[in-house]
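Taking it in order: structure first as structure tokens, then the write-up.
Just so it is clear, none of the values below were taken in a lab; they were calculated from the coordinates. Please read all numbers here as calculations on a predicted model, not as lab measurements. All Cβ positions, glycine included, derive from the backbone under ideal geometry; neighbour counts span all protein chains shown.
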Amino acid sequence: MNHRQLLKTFLERGYITKGDRMLLLLSSSYGFTIAKRIFPSMDETIRNDATVSCQVKAEIPVYRGDHETAHAIIQQLEAAHHPALYCALVHGSIASSEETAYSDFDGILVIDESKIEHPSSLFSLRKLIHKTEQLFYKTDALQHHGWQVLLKSELNQYPDHLLPFALFQSGRMLYPYRAFTIDALVSLTPADYRIPLKQTCRSILRKCISESALRDHYALKNFLSEVLLLPALFIQAQRGSSILKKESFRLLKTDYPTLDSSLMDQVSQIRLNWQQEKFSTSLEYFHRLRSAGLYVHALAPDIPVMIKMQVNRDFLNSTEKFCLDLLKRAGLDE
């Protein structure tokens, strides 16, 4: 990993190695040891390999919804006022006030790494990220991801294929709590947009073959969330530019009418009728151990009967077929 990857990994996960992960389970203060270890590498320079790029801008309005978790996060970020926290925003259904029982909390943090002046500042930033992530579970007890961390320096060679800039343009500001403008320089390398499709399809195919997607409700939601990304990832791979997930379902049908998209209709229906767990003590321990690399299936909730009737071996076969079709059409089936 280069210094940028190390920093982002630590901020997003709280650890770098598997050994770090286990030691954090024994002592959360071990995170400071990790911060001290990676801090010296933060002054390394990054070579910009972008050959063609374009300037983009997002004028992000402040969040005006009434979502309880969003407002709790706003309060925590405002109270901490960490100097390295450039901005924080929410995107997706919570940003547009269209949340359903399936909705999780989709948030992006932009970190100004030049404002991290010593290991204790890095450690306090990671603690703030972890503290606010705990609030995500009030929105979705089956939440399978935390904040998406972007470094401010990356705005000069923005990884649009990994984090579509359109998410900023459709997002709502949480911190600072005011309208905010972000400018970025997007590298125009169309081949990059094929990478997420290939990686996601491979992940889905592994879970179909092993049937690990059906082992519990947490695993299933993680799996379905990957499947719901497929239309956007496929269209991005074909176009060489990013697109919002909510726009991709319509475009998949209109632009690719010969593609059998009935699977996406089925998954969309499951999402609409989703039955969601409440956050509980067993789920708290499940997530705590999972963060340490210990997946304790006994602590994870069972798949509700009504959903289990829809997600069986036939459903996995259909999903596998859909993935293989997308890979073939995108020229990635070698």
Counting only the backbone N, which residues of region 219-248 are under 17 Å from the spot 7 Å out from the Cα of Ala191 toward its beta-carbon? 237-241
Sorted by chain and then number, the residues having a modelled amide H within less than 5 Å of the amide H of Ser53, at least 5 places away or on another chain, are Leu188
Mind ranking 314-320, 137-143 by how tightly packed they are, going by the mean number of other C-beta atoms within 10 angstrom, highest first? 137-143, 314-320
Straight-line reach from Lys308: which aspartates and glutamates have Cα under 20 Å away, leaving out those fewer than 8 places along the same chain? Asp140, Glu211, Asp216, Glu226, Asp265, Glu277, Glu320
For region 65-130, build the charge dipole from Cβ charges (+1 Lys, Arg; -1 Asp, Glu) around the Cα centre, then report which of Ser120, Gln75, Ala88 sits farthest towards its positive end. Ser120
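Nearest 20 debye, what's the magnitude of the dipole of the chain about its Cα centre given +1 on Lys and Arg Cβ and -1 on Asp and Glu Cβ? List each step's numbers first, then the result.
Details: 39 positive and 37 negative charges, 100 e Å.
Using Cβ point charges on Lys, Arg, Asp and Glu, the chain gives about 480 debye.
Only Lys, Arg, Asp and Glu count, each charged at its Cβ (+1, +1, -1, -1), so figure out the dipole size of region 215-331 about its Cα centre, rounded to 20 debye. Mind dumping the intermediate values first?
Details: 16 positive and 12 negative charges, 38 e Å.
With only Lys, Arg, Asp and Glu charged at Cβ, the dipole is about 180 debye.
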Note down, for region 25-158, the three equivalent ellipsoid semi-axes (square root of 5 times each alpha carbon gyration tensor eigenvalue), biggest first, whole angstrom. 26, 22, 13
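What does the charge dipole of region 3-188 about its Cα centre add up to, to the nearest 20 debye, if the Cβ of each Lys and Arg holds +1 and the Cβ of each Asp and Glu holds -1?
Computed about the Cα centre, the dipole is about 560 debye.
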Estimated distance in nm for a label pair at Glu284 and Gln199, the labels positioned 7 Å out from Cα along Cα-to-Cβ: 3.3
Provide the net charge surrounding Asn222, with neighbours chosen by a C-beta distance below 12 Å and charges set as Lys +1, Arg +1, Asp -1, Glu -1. 0
Looking at Ala232, Pro301, Ser242, which one has the Cα that reaches farthest to the positive end of the dipole of region 191-329 (charges on Cβ: Lys, Arg +1; Asp, Glu -1)? Ser242
Derived scalar couplings ³J(HN,Hα) [region 118-127; Karplus, 6.51 cos²θ - 1.76 cosθ + 1.60; whole Hz; x for Gly, Pro]: 7, x, 5, 5, 5, 5, 5, 5, 4, 5
Which ³J(HN,Hα) values in Hz, rounded to whole numbers, follow from the phi angles of region 302-316 under the Karplus curve 6.51 cos²θ - 1.76 cosθ + 1.60, where θ = phi - 60° and Gly and Pro get x? 6, 6, x, 4, 5, 6, 4, 5, 9, 10, 10, 4, 4, 5, 5
List the Cys residues of the chain that have no partner Cys with a C-beta closer than 4.7 Å. Cys54, Cys87, Cys208
